[in-house]
1. Identify the single condition in (1) outside any loop (DSSP other than H, G, I, E, B); (2) crowded, with 19+ Cβ neighbours inside 10 Å that residue 164 does not satisfy, given that it satisfies every other one.
2. What pairs come out if I take residues in the range 163-183 that are in contact (Cβ under 8 Å) with a residue 40 or more places away in the chain and more than 30 Å from residue 140 (Cα to Cα) and pair them with residues that are surrounded by 14 or more Cβ atoms within 10 Å (Cβ to Cβ) and small (Gly, Ala, Ser) whose C-beta lies under 9 Å away, six or more apart or interchain?
3. Take residue 180 and tell me if it is surrounded by 15 or more Cβ atoms within 10 Å (Cβ to Cβ), touching a strand residue (DSSP E or B) at 6+ places or on another chain (Cβ under 8 Å) and under 17 Å from residue 51 (Cα atoms).
4. Restricted to the range 167-183, and to residues that are hydrophobic (A, V, I, L, M, F, W, C) and either in contact with a His (Cβ under 9 Å, 6 or more places away or on another chain) or assigned to a helix (DSSP H, G or I) (or both), which residue is modelled with the lowest pLDDT?
5. Can you confirm whether residue 63 is touching a residue at least 24 places away in the same chain (Cβ under 8 Å) and buried (at least 18 other Cβ atoms within 10 Å of the Cβ)?
Amino acid sequence: MKIVFNITLLLSILSISDVTLFAQTTGSKNVSFALPEISFVDIEPSGSLSLSLIAPNEAGNPIVAPAANKSKWLNYTSAIQTGGGTKHITASISSKIPGFDIKLSAAAASGSGGGTLGTSTGQITLSTTAQTIISGIGGAYTGDGTNNGHQLTISIVPIVSSYSLIKAQSNTQVQITYTISAN
C-alpha cells in the first residue's frame with residue numbers, strides 16, 4: 001500500500017508542476033542596420049596571360065592568330081542605393097598594338113552567385129576608350145574565383161587592312177582595365 005501512495009503522490013506533483021512551468025511572456029526590440037553601396041570587381045585567377053602569334057610555315061601565308069584565351073573569370077559584388085539604377089562593367093586597354101585588334105567577350109554568368117546578375121553585351125574590340133561588356137547589374141554577387149561569374153574570352157587578331165603596320169615585337173604588354181560603376 002505504501003508503494004501505491006508514493007506513485008500517486010509523485011503523479012500529483014508532476015501534474016501540478018506541468019501547469020506552473022509553462023507561463024509565457026513576449027517582448028520586442030527595434031534593430032537597425034546599415035549597408036553602404038558596394039561595387040567590387042575582380043579578375044580570377046590573378047596573374048597575366050600570354051597570347052603569342054604564330055608565324056606562317058609557308059611564304060605568302062598570313063600570320064596566324066593564337067587560340068582565344070578562356071582562362072580568366074570576372075567576379076563582382078554589388079549593392080545598389082535605394083531607388084538607384086543598375087550598374088555596368090566596362091573594359092579598356094592601356095594602348096593599341098599597331099596592326100592588331102584585341103577582342104573581348106564575357107559569357108553569361110554561372111557558378112555560385114545570386115541576385116540580379118548582369119548581362120553580357122557580346123564581343124567587343126578593345127580600345128583605349130572604355131566600353132560596356134556587362135550591363136544590368138543589380139544587388140548581386142557572382143561567387144569568387146574560377147568557375148564563378150562571367151568567363152572571359154580574350155583574343156588577338158591581325159587586321160588585314162593594316163598589315164603594313166605589323167612589326168616584330170617581343171613581350172609587348174597591354175593592360176586591360178575593368179571598371180564597375182552605376183548607370
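The values are calculated or read from the model by the stated rules, or taken from the named source; none is laboratory data. Nothing here was measured: the structure is a model prediction, and the numbers come from that model. Neighbour counts are summed over all protein chains in view; Cβ atoms, including those assigned to glycine, are modelled from backbone coordinates with ideal geometry.
1. For residue 164, the exception is condition (2).
2. Taking only residues 6 or more apart or on different chains, the pairs are 163/99; 164/99; 165/99; 166/99; 167/99.
3. Details: surrounded by 15 or more Cβ atoms within 10 Å (Cβ to Cβ): yes; touching a strand residue (DSSP E or B) at 6+ places or on another chain (Cβ under 8 Å): yes; under 17 Å from residue 51 (Cα atoms): no.
The answer is no for residue 180.
4. 182
5. Taking the combined requirement at face value, the residue does not satisfy it.
Table: residues versus (1) surrounded by fewer than 16 Cβ atoms within 10 Å (Cβ to Cβ); (2) free of Cβ contacts under 8 Å to residues at least 40 places away in the same chain.
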site	(1), (2)
89	no, no
98	yes, no
111	no, yes
120	no, yes
139	no, no
149	no, no
